[in-house]
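See below for the structure under consideration.
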Amino acid sequence: MTHKTGHSMLHKMISIFVLWGLWGSFVRAEDGYRLWLRYEPITDSRCLEQYRKSVVQIVLPKSFQDGNVVRQELQSGLSGLLGIEPSAFTEDILHDGALVIASADTAGLISEVIKSSDLESCGPEGFLIRSTKIKGYSATVIAGKTRPGVIYGVFHFLRLMQTLQPIDALDIMEQPALQLRLMNHWDNLNGTIERGYAGRSLWQWNELPGTLSPRYTDYARACASIGINGSVINNVNADLRILSSEYLRKVAAIADLWRPFGVRMYLSVNFASPMRLGGLPTADPLNPDVMTWWKTKADEIYSLIPDFGGFLVKADSEGQPGPKTYGRTHAQGANLLADALAPHKGIVMWRAFVYDADVDPDRAKRAWLEFTRLDGQFRPNVVIQVKNGPIDFQPREPFHPLFGAMKQTPVIAEIQATQEYLGQARHLVYHGPMWKEFLDSDTYAKGQGSTVARVLAGKVHPFRMTGMVSVTNPGLDTNWCGHHFSQSNWYAFGRLAWNPELSAETIAEEWTRMTFTNDKKSAAVILAMMMGSHETFVNYTMPLGLHHLIGGDHYAPMPWNDRAPRADWTATYYHQASADGIGFDRTRRGTNAVDQYFPPVCDVFNDISTCPEKFLLWFHRCPWDYRMKSGRTLWEELCARYRQGAAQAAALQKTWQSLDGKIDSRRHQDVADRLAIQAADAEKWCEQILAYFGRYAETKD
Ligand code: BDP
């Protein structure tokens with residue numbers, strides 16, 4: 001007996017040793033795959049004590065047991081963070097420290113503390129978390145009216161612990177501000193990704209529907225953890241085959257895996273599908289055969305994916321087919337698809353990224369001109385999807401004038417996490433501050449306070465549907481996003497789509513603590529790096545309202561680029577540098593793009609003395625010796641900004657070095673390698689761009 005005990009003790013010790021060793025190597029081999037859901041053991045003893053007291057047992061109704069997303073998440077979260085054993089899961093409250101999970105259909109246990117009207121007011125996706133007493137025992141309730149609500153509540157609760165927040169006196173009620181919170185993948189069926197920088201596409205079309213990669217569920221889980229509730233899986237430059245029966249079965253297999261996470265499937269479709277896929281002689285939206293084709297196709301999709309979300313459409317843009325070929329409007333095109341989807345409650349997201357040269361010589365004006373005149377002509381299940389700025393995801397743009405201008409047609413925002421024009425997966429650029437600048441911009445559509453965020457939430461014009469989507473970055477790279485810090489843009493998108501009022505700092509801090517470290521000092525260093533990174537990038541690429549100074553790869557600024565298939569794809573079209581000055585005159589003396597904005601925004605932009613200098617050369621053409629607020633001439637200011645940017649990039653690299661040993665070595669090295677590229681690029685770009693503009697600026701004297 002003694003011998004046996006001794007033996008098993010030894011065994012135990014050995015296995016603890018082995019586990020510890022494995023754990024150690026695991027920590028060292030941290031590769032970014034776990035994103036912000038790492039659930040590392042909490043080491044802060046005060047927090048740990050409080051959490052262990054609050055979460056002694058987890059009370060889950062039967063329907064949330066086995067294999068349920070909620071159970072799985074709680075299990076991995078609580079065992080990782082607190083070391084809680086699976087045996088702590090029960091169906092009834094047994095003692096103090098109960099974490100009680102409930103939705104409207106399982107609310108019996110909490111009925112003494114939570115009124116059904118409270119649950120009702122959570123809405124279709126909201127949740128409440130409350131510290132309370134049930135049957136005399138101390139308890140924390142996480143409840144929602146629906147399953148997705150409960151899932152979001154669970155992730156919220158885990159996040160509180162991941163970021164070391166108190167959980168002993170909670171009274172939280174949250175609902176998403178926007179209904180559609182969608183990822184937009186620009187993935188092609190051949191496995192490549194348009195403007196993707198993190199490896200090949202996640203979707204293994206050759207293997208589907210038979211083989212299901214574990215990444216499909218890991219992806220849906222990551223989305224759900226930040227409130228993302230849908231995904232457009234394929235490129236807006238849509239391959240026709242996506243609507244073939246063969247591909248729809250593959251798509252359905254992925255949709256099945258996402259469903260438990262509340263992530264719905266959407267598809268980009270090609271407007272010419274009835275012809276090229278269906279063999280019809282036309283795709284005219286008013287042709288009855290075309291209408292029937294789309295209706296039949298929609299029926300087929302819903303027979304495979306009953307909760308299918310709808311279509312995203314890029315039409316009459318950059319060579320994509322659309323209704324214009326048949327002399328029809330965007331509204332007629334969108335309504336054709338909307339009618340096919342309506343019986344199934346599907347929606348159409350029609351993109352406003354259109355810029356036909358015959359509409360107006362200034363590209364920035366074209367979408368507004370095309371769409372405002374159609375306001376009121378769209379079916380109720382159509383939304384217009386508008387990029388944040390009037391050109392194309394530039395490092396900095398003023399907000400798109402369509403926000404606030406469409407009064408009867410819901411407008412949703414399209415932002416971009418892929419960093420197409422922002423250093424791709426090589427530069428550290430946290431988009432939080434840029435997106436906040438956009439969301440907080442006041443459109444004045446209905447007087448002061450009509451911010452873009454409020455327009456999107458349907459609080460300025462009462463929209464039937466609300467939303468924000470992000471062109472997004474995950475690919476097959478182990479860390480999903482290429483650059484470890486690019487994960488923060490995926491994260492920030494989800495958090496802002498849930499609540500556009502959150503600050504960029506709050507989001508960055510949450511992300512940092514969950515992704516890298518809860519060490520206060522190190523987290524503060526990372527936070528500062530992130531918060532300054534967008535302005536830094538703007539400085540060394542396109543400061544003071546400069547934009548589109550790029551070539552085909554959209555990576556390095558190429559202000560000398562004057563050759564492209566169309567004028568509005570060159571750089572010279574936008575900066576117009578000459579010996580006289582630089583900038584695009586969009587004032588009333590120029591193209592008058594300013595008047596697409598509501599007063600007083602239009603006047604502020606129009607008047608050079610009130611136009612924010614960050615947008616100076618977007619709206620104004622200035623002589624090189626124009627006097628800036630700093631007292632410098634424009635040329636001196638440009639030189640100062642570019643040099644400052646290069647210096648800031650070099651400083652990022654140095655600051656990161658100071659964290660050596662503070663975070664796991666592998667990710668530290670990965671980031672350090674990229675920061676070296678960033679610093680070198682910034683230096684090179686600064687020199688090249690100043691040399692180019694200097695040719696004009698310095699000829700004067
Ligand atoms: C631009 C991209 C291009 C996309 C286009 C779009 O360079 O690859 O197809 O936007 O949004 O930013 O449709």
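Considering each of 67, 24, 77 in turn, give the residue that is open to solvent by less than 90 Å² (accessible area, probe 1.4 Å), at pLDDT below 75 and on the phi < 0 side of the Ramachandran plot. Walk me through how you get there before you give the answer.
On the way: 67 fails: on the phi < 0 side of the Ramachandran plot; 77 fails: at pLDDT below 75.
One residue alone meets the criteria, 24.
Within the stretch 528-583, being under 30 Å from the mean Cα position of the chain (by Cα), assigned to a loop (DSSP other than H, G, I, E, B) and away from the ligand (no atom under 16 Å from the Cβ) holds for 543, 544, 545, 546, 559.
As a summary of the residue check, residue 587 satisfies the conditions (1) within 16 Å of the ligand (Cβ to nearest atom); (2) of a type in the set (Ser, Thr, Tyr); (3) more than 24 Å from residue 196 (Cα to Cα) except for the one numbered (1).
Per-residue answers, yes or no, for (1) out of contact with any helix residue (DSSP H, G or I) (no Cβ under 6 Å at 6 or more places or on another chain); (2) touching a residue at least 60 places away in the same chain (Cβ under 8 Å); (3) buried (at least 23 other Cβ atoms within 10 Å of the Cβ); (4) under 17 Å from residue 696 (Cβ atoms):
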residue	(1), (2), (3), (4)
535	yes, yes, no, no
547	no, yes, yes, no
554	yes, yes, no, no
558	yes, no, no, yes
580	yes, no, no, yes
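Checking the stated criteria, residue 266 turns out not to satisfy the condition of being of a type in the set (Phe, Trp, Tyr) and in a helix (DSSP H, G or I). Considering each residue of the stretch 105-112 in turn, at least one proves to be crowded, with 20+ Cβ neighbours inside 10 Å and assigned to a helix (DSSP H, G or I).
Residues that are in contact with a strand residue (DSSP E or B) (Cβ under 9 Å, 6 or more places away or on another chain), open to solvent by less than 10 Å² (accessible area, probe 1.4 Å) and away from the ligand (no atom under 16 Å from the Cβ) within the stretch 385-410 comprise 403, 404, 406, 409, 410, listed in sequence order. Out of the residues in the stretch 413-433 meeting the condition of being more than 13 Å from the ligand (Cβ to nearest atom) and surrounded by fewer than 24 Cβ atoms within 10 Å (Cβ to Cβ), tell me which one is nearest to residue 385 (Cα to Cα). That would be 433. On the stretch given as the stretch 196-216, residues that are away from the ligand (no atom under 16 Å from the Cβ), closer than 22 Å to residue 511 by Cβ and open to solvent by 20 Å² or more (accessible area, probe 1.4 Å) total 2.
When you look at residue 377, is it away from the ligand (no atom under 16 Å from the Cβ), open to solvent by 40 Å² or more (accessible area, probe 1.4 Å) and assigned to a loop (DSSP other than H, G, I, E, B), yes or no?
Details: away from the ligand (no atom under 16 Å from the Cβ): yes; open to solvent by 40 Å² or more (accessible area, probe 1.4 Å): yes; assigned to a loop (DSSP other than H, G, I, E, B): yes.
When the stated conditions are applied, residue 377 passes them.
When you go through (1) within 14 Å of the ligand (Cβ to nearest atom); (2) open to solvent by 10 Å² or more (accessible area, probe 1.4 Å) one by one for residue 440, which number turns out not to apply? Every listed condition holds for residue 440 apart from (1). Taken residue by residue, the stretch 237-257 has at least one member that is within 16 Å of the ligand (Cβ to nearest atom), surrounded by fewer than 16 Cβ atoms within 10 Å (Cβ to Cβ) and not acidic (Asp, Glu). Scanning the stretch 584-614 for residues that are in contact with a Gly (Cβ under 7 Å, 6 or more places away or on another chain) and within 21 Å of residue 694 (Cα to Cα) yields one hit, 614.
For every residue, the table says whether it meets (1) of a type in the set (Gly, Ala, Ser); (2) without any contact (Cβ under 8 Å) to a residue 40 or more places away in the chain.
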position: 138; (1), (2): yes, no
position: 168; (1), (2): no, no
position: 171; (1), (2): no, no
position: 178; (1), (2): no, no
position: 204; (1), (2): no, yes
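Here 279, 319 are screened, and the one residue that is open to solvent by 40 Å² or more (accessible area, probe 1.4 Å), assigned to a loop (DSSP other than H, G, I, E, B) and within 16 Å of the ligand (Cβ to nearest atom) is 319.
Put simply, of 313, 348, 382 the only residue that is closer than 14 Å to residue 236 by Cβ, away from the ligand (no atom under 16 Å from the Cβ) and open to solvent by less than 40 Å² (accessible area, probe 1.4 Å) is 348.
Would you confirm whether any residue within the stretch 411-433 is free of Cβ contacts under 8 Å to residues at least 60 places away in the same chain and under 21 Å from residue 271 (Cα atoms)? So far as the stretch 411-433 goes, yes, one or more of its residues are free of Cβ contacts under 8 Å to residues at least 60 places away in the same chain and under 21 Å from residue 271 (Cα atoms). Residues to consider are 671, 594, 604; find the one that is within 24 Å of residue 536 (Cβ to Cβ), β-branched (Val, Ile, Thr) and part of a helix (DSSP H, G or I). Just a single option satisfies the conditions, and that option is 671.
The values are calculated or read from the model by the stated rules, or taken from the named source; none is laboratory data. The structure presented is a predicted model; accordingly, all values stated were derived computationally and were not measured. For neighbour counting, all protein chains shown are included, and Cβ atoms are generated from backbone atoms with ideal geometry for every residue, glycine included. SASA here: full protein model, heavy atoms, side chains in, ligands and nucleic acids out. Shrake-Rupley method; radii C 1.70, N 1.55, O 1.52, S 1.80 Å.
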